[in-house]
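**Q** Mind having a look at this structure? Questions to follow.
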Amino acid sequence: MGMRNDTSFIIADTMSVYEHQSSYNRNMPLRLLQYVGDLYSGYITRNKLNKYGKALINLPTPKLVVFYNGTDDQEDETILRLSSAFSESTREQSDIEVRVRMINVNYGRNKELMNACKPLAEYSWFINEIRKNQSNGHNLEAAVDAALEEMPVDYVIRRFLMIHKQEVQGMLDTEYNEAEVMELFKEDGRKEGLDLHLINLICKKLAKGKDLETIAEEVEEPLERVRFICDIASKHAPDYDPEEILKQMATVSVNYNKKTRYLR
């Protein structure tokens with residue numbers, strides 16, 4: 001979940017940046033733009049190049065690829081563009097574009113690629129088997145075990161998967177929980193936004209000199225929760241900073257667990 005690309009390498013004058021995604025993410029051009037910036041920075045430092053000099057630096061050409069095997073139905077190949085995130089009214093005037101080639105590597109897709117890359121085809125089969133096993137009621141560990149048992153013995157990746165079985169299960173557990181984790185992040189963001197809105201309302205009412213009971217009634221929140229927020233907000237009077245108040249509320253909730261229930 002951190003800012004680290006899956007793998008990147010330079011061959012001749014081409015820098016390939018590969019990502020694997022088990023969920024469809026239209027923000028991949030933005031993420032890969034950030035990765036490429038970091039890679040170029042490292043390339044310049046490593047080769048002791050002067051980006052402030054007059055001489056043109058010859059940079060490796062970036063090729064950005066996402067291997068997708070999520071459950072959302074996608075075409076065999078899709079081009080994701082950074083410009084899709086720009087306003088339609090100014091999109092054509094953009095001085096930057098990033099193209100990412102998203103390749104669907106689910107079982108049964110991109111047959112030409114699968115025929116050319118046996119390990120990828122085998123991995124595609126493996127993931128498909130795990131999903132079938134899970135749909136039949138197996139938990140992840142049992143689904144992986146069953147898929148490994150069914151895997152043909154001539155599969156190139158079989159020996160690797162058997163040796164690194166626990167690591168593979170951990171990786172797949174992370175993949176299958178990614179969508180749930182992202183929803184938790186979104187939910188945290190929604191809660192934080194609501195908290196910030198409430199703090200802003202309370203600060204405005206404090207500035208008008210209203211008492212706790214009146215504020216609690218007007219914002220329709222429990223008196224104890226409003227008191228908790230007001231206690232912290234009072235330290236910022238008269239120039240209330242809702243974002244700073246929210247940060248201090250989080251700190252107080254860690255130090256004083258009994259007050260956590262008033263946060264959200």
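**Q** Might you let me know whether segment 48-65 holds any residue that is polar (S, T, N, Q), in the same structural domain as Val153 (by TED's automatic domain parsing), without any contact (Cβ under 8 Å) to a residue 60 or more places away in the chain and exposed (fewer than 10 other Cβ atoms within 10 Å of the Cβ)?
**A** no
**Q** Exactly one condition in (1) surrounded by 10 or more Cβ atoms within 10 Å (Cβ to Cβ); (2) part of a loop (DSSP other than H, G, I, E, B); (3) free of Cβ contacts under 8 Å to residues at least 40 places away in the same chain is not met by Tyr40; state its number.
**A** (2)
**Q** Within segment 204-231, take every residue that is in contact with a Phe, Trp or Tyr (Cβ under 9 Å, 6 or more places away or on another chain) and of a type in the set (Val, Ile, Thr) and give me the one that is surrounded by the most Cβ atoms within 10 Å (Cβ to Cβ).
**A** Per the stated criteria, the residue is Ile229.
**Q** Return yes when Leu194 is surrounded by fewer than 17 Cβ atoms within 10 Å (Cβ to Cβ) and modelled with pLDDT under 85 and no when it is not.
**A** yes
**Q** Which of the numbered conditions does Lys63 fail, given that it passes all the others? Conditions: (1) over 22 Å from the mean Cα position of the chain (by Cα); (2) over 21 Å from Asn128 (Cα atoms).
**A** In the conditions (1) over 22 Å from the mean Cα position of the chain (by Cα); (2) over 21 Å from Asn128 (Cα atoms), Lys63 misses (1) alone.
**Q** While we're looking at this one, here's another question. Mind checking which residues of segment 43-64 are among the hydroxyl-bearing types (Ser, Thr, Tyr) and in a loop (DSSP other than H, G, I, E, B)?
**A** If the condition is that a residue be among the hydroxyl-bearing types (Ser, Thr, Tyr) and in a loop (DSSP other than H, G, I, E, B), then Tyr52 is the only one that fits.
Each row is one residue, and each column tells you yes or no for (1) modelled with pLDDT of 95 or more; (2) surrounded by fewer than 16 Cβ atoms within 10 Å (Cβ to Cβ); (3) of a type outside the set (Gly, Ala, Ser); (4) not assigned by TED's automatic domain parsing to the domain that holds Thr61.
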{"residue": "Ser84", "(1), (2), (3), (4)": "no, yes, no, no"}
{"residue": "Thr90", "(1), (2), (3), (4)": "no, yes, yes, no"}
{"residue": "Ala116", "(1), (2), (3), (4)": "yes, yes, no, yes"}
{"residue": "Asn136", "(1), (2), (3), (4)": "no, yes, yes, yes"}
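**Q** Among the residues of segment 205-223, which ones are in contact (Cβ under 8 Å) with a residue 12 or more places away in the chain and assigned to a helix (DSSP H, G or I)?
**A** Residues satisfying the conditions are Lys205, Leu206, Ala207, Leu212, Ile215, Glu218, Val219.
**Q** Please count how many residues of segment 149-168 are surrounded by fewer than 17 Cβ atoms within 10 Å (Cβ to Cβ) and assigned to a helix (DSSP H, G or I).
**A** Within segment 149-168, residues that are surrounded by fewer than 17 Cβ atoms within 10 Å (Cβ to Cβ) and assigned to a helix (DSSP H, G or I) number 10.
The values are calculated or read from the model by the stated rules, or taken from the named source; none is laboratory data. If you're wondering where the values come from, they're calculated on a predicted model, not measured in any experiment. Note: ideal-geometry Cβ built from the backbone for every residue, glycine included; neighbour counts use all protein chains shown.
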